[in-house]
Amino acid sequence: MTSSGAVQRRNGSPAVTAQALTLAFFLALTAYFLVPVYWLVVAATKTTADLTATNGLWFAHVNFGQTLRDLFHYDDALFSRWLLNSFGYAGLGALGGTLVSAMAGYALAKYRFPGREAAFALVLGGVLMPPTLLALPLFLLESKLSLTNTYWGVLLPSLITPFGVYLARVYAAISVPDELLEAGRVDGAGELRIFTTIVLRIMSPALVTIFLFQFVAIWNNFFLPLVVLNDRNLWPVTLGLYAWQGKAILFPDVVRIVLAGALVATLPLVVVFFSMQRYLRSGLTAGGVKA
Amino acid sequence: MSTVERVLLASPRPAVKTRRAHLSRESRHGLAFLAPFLLLFAAFQVIPVGYAVWQAVHRTVQSGLGFGGSTTTFVGLDNFVRVVEDPAVRAAVLRMLLFGVVQVPFMLGLALLMALLFDSTLARLKRFFQLGAFLPFAVPGVIGAILWSFLYLPGISPVVGVLTALHLPHGFLGPRAVLWSIANITTWQWTGYNMLIIYAALQALPRELIEAARVDGASGLQVSLRIKVPLVRPALVLTAVFSIIGTLQLFSEPTIVRSLTGNVTATYTPIMAAYYAAFGRNDANYAAAIAVTLAVVTFALSYAFMRIAQRGQR
C-alpha cells in the first residue's frame, strides 16, 4: 500500500489520468447496473398514460398508492397469495434444507462410516447438477407420483442443497472440536443432544449462510414451479408476474401493475442481500454457486 | 491443544474388538445424521435422473383416440437420433454456442477488469461501486428479465426513446438483435457476481509477492497481467465453467422476452425445446431425451474446458 502509493506519487500525472479514466469507467458501469432498477422505481409510480408520455427517467404524477392498491386487487387479488406462497416455499424450504444440510455435513465431517467418501462424491456431483436441467426429470417423476400441482411438489425438491452440505461439512470440520464432542459423550449426552445443543450453535454462522443462499435460490426459482404447478393459487410470485407480463402487450394498463409487483417482489431480496452481505460473501467465495 | 495432542487423543486404539464395536456405533450415528439428506437426494435427484433416462429410451403411444390407454415400448436410442436430427434442436444448440462464445468471454473480461481495478490503487469509492455492481444479482432473475423486457419495448422504454431521438438503431427485439438483448440481461445480472469471486481470489493473493514486483519496478499493468491474472486462474476457470453451464440451460430470460416478441421461437434454446416437447407436444419421451442429451453435453463441455485450462497451466 505505502510503496505502491509512493510509486504513484513519483509517476505524477499519468497516475492521475489513470485514476480519472478508472473513475469514468466505473461511473459508466454503475450507471448501467443501477439505471434499470432506478427506472423500475420511477416507472412503478406512474399512471399508464404517463408511462409512455413522460420522461422515463424522471417522476411524473406519483400514482404509486393507487397502483399498489390495484396490484393487490387485480386478477382475483392473487398477488398477496403469490407473495405468501413465495415466503412459504423459500422460508420453509430454506429452513428444512439448512437443517438437513447441517446434519449431513456434520456426519460427513465428524463420523467415520462405510461409504462416507462415496457420499461426499455424490454431494460434489450434485453441486454441479444444474437445477434447470433437473426440473424436467423431476416433473416427469412427480406426475407419476401425483405430486404435481401440490405445494409438496415444489417444497420437497427445495430441501436438497448439495452446496449447503458441502459448506456445512467444511465448516464443521474446521470449527467443531473433537474434544468438545468427546466431553459431551463422557458427560453422558446422546448424539442427538450433542448435535442440537453444541454443534448447531457452533455452526450457526455457516447455517445462516446456507439459509440465505437457499432462500434466495428458492425465491428466484422459475422453471420448477412453471413445470410442476398448473394451479395459479399455488404459484410463487415470480411465476405470477411472468404470467401477467405476458398480458402486457394486449393490456397496457397491466404494465404498471407488473412493474409495481416486480418492485414489491424484489424488496425482500434486496433487504436480505444488503443486510446479510457478510454471510453471503463468505458463501460466494467458498466455492461460488449460481443461485 | 496442539496438533500432536489432538492426534494422540483421537487415536487411542486398544483391542481390535472394542474398536470395531465402537466404529459400528459411530457408523450408525453418522449414517443416521446423513439419512435425511440421502433419502431426499435419492428421491428428488438420483431417481428423477434415472427415470428420465428410462423415459428417453422408451416411446409411449396413445392407442385409439387416447381413451384406451397407452402402450410403452423400448426403442433404444431412437429418441436420441431424433434429437440429433431435429433441425430446431440443432438451431437452438448453435444459437447457444454463438451466445456463449460471445457473452461469456465478454462478461468475464469485464468482471476481471473490474476486479483488477478494485484490487489496484486506482479505484476510488470502491465500496459504492462494488455494491452497485452487486445490486443486479440481488434482483430475482425472472424480475430482472421482466424489467429489461420492458426496457426493450418501444413506447415505454426511455432507452429506446433516447436512441430513436438520436436516430440510432433501437430494434432490441429484432430477429437478429434479440439474441444480444438476451445476452445483455445475463451480463447485467451476473457480471457483479463473477467480479466478486475474482476479486476475492485477488484479495487472497500473498501481498509480499505483489509488493516485491512493484519494488522491482513493475508497473501496475505489468503486475496485473503477469502476476495477478495467472495466479487467479482457478477463479477464472471456476467462473467460466459456471457460465458455460448457465448458458446451456438458459431458459427464463428468453422465455420472458418471448412474451413480447415473436422473434424468440418456442424452441429458441435447448431447454426451451425440451419444455416445448413436454408441454407443447405432450411427448415426455422426447423431452427426456433432450434433457439427457443436454446433461451429457453440459458435463462434457465443462469437463473439457477444465482439462484444457489445466493443460495450459503446465
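The values are calculated or read from the model by the stated rules, or taken from the named source; none is laboratory data. As the structure is a computational prediction, the values presented were derived from the model and not from experiment. Because the Cβ atoms are built from the backbone with ideal geometry, glycine has one as well, and the counts that use them run over all protein chains shown.
Details
- Cβ-Cβ contacts under 9 Å between residues 6 or more apart (or on different chains), taken from a first residue in the range A:35-56 that is in contact (Cβ under 8 Å) with a residue 24 or more places away in the chain to a second residue that is in a loop (DSSP other than H, G, I, E, B) and of a type in the set (Ser, Thr, Tyr), are listed as A:LYS46/A:THR54.
- Those helices (runs of 4 or more DSSP H) of the range A:190-270 in which at least 3 residues are of a type in the set (Val, Ile, Thr), considering only elements entirely within it, cover A:204-220.
- Being of a type outside the set (Phe, Trp, Tyr), in contact with a Pro (Cβ under 7 Å, 6 or more places away or on another chain) and either closer than 23 Å to A:GLY56 by Cα or buried (at least 17 other Cβ atoms within 10 Å of the Cβ) (or both) is a property that B:VAL160 has.
- Flag for A:ALA173 being under 27 Å from A:TYR279 (Cβ atoms), within 11 Å of chain B (Cβ to nearest Cβ) and part of a helix (DSSP H, G or I): no
- Number of the condition not met by A:PHE195 [criteria: (1) more than 9 Å from chain B (Cβ to nearest Cβ); (2) in contact (Cβ under 8 Å) with a residue 12 or more places away in the chain; (3) in contact with a helix residue (DSSP H, G or I) (Cβ under 9 Å, 6 or more places away or on another chain)]: (1)
- Candidates A:ALA183, A:ALA217, filtered to the one that is over 18 Å from A:PHE139 (Cα atoms), surrounded by fewer than 16 Cβ atoms within 10 Å (Cβ to Cβ) and within 12 Å of another protein chain (Cβ to nearest Cβ): A:ALA183
- Consider the range A:36-62 and keep the residues that are of a type in the set (Ser, Thr, Tyr), part of a loop (DSSP other than H, G, I, E, B) and farther than 24 Å from B:PRO140 by Cα. The one that is modelled with the lowest pLDDT is A:THR54.
- In the condition set (1) among the aromatic types (Phe, Trp, Tyr); (2) surrounded by fewer than 17 Cβ atoms within 10 Å (Cβ to Cβ); (3) assigned by TED's automatic domain parsing to the domain that holds A:ARG232, A:TYR38 is compliant with all but (3).
- Residue in the range A:65-82 that is surrounded by 19 or more Cβ atoms within 10 Å (Cβ to Cβ), in a helix (DSSP H, G or I) and without any contact (Cβ under 8 Å) to a residue 24 or more places away in the chain present: no
- Screening A:PHE113 against (1) in a helix (DSSP H, G or I); (2) buried (at least 18 other Cβ atoms within 10 Å of the Cβ); (3) of a type in the set (Phe, Trp, Tyr); (4) free of Cβ contacts under 8 Å to residues at least 40 places away in the same chain leaves a single unmet condition, (1).
- Scan of the range B:133-172 for residues that are modelled with pLDDT of 90 or more, assigned to a loop (DSSP other than H, G, I, E, B) and within 7 Å of chain A (Cβ to nearest Cβ), ordered by number: B:VAL139, B:PRO140
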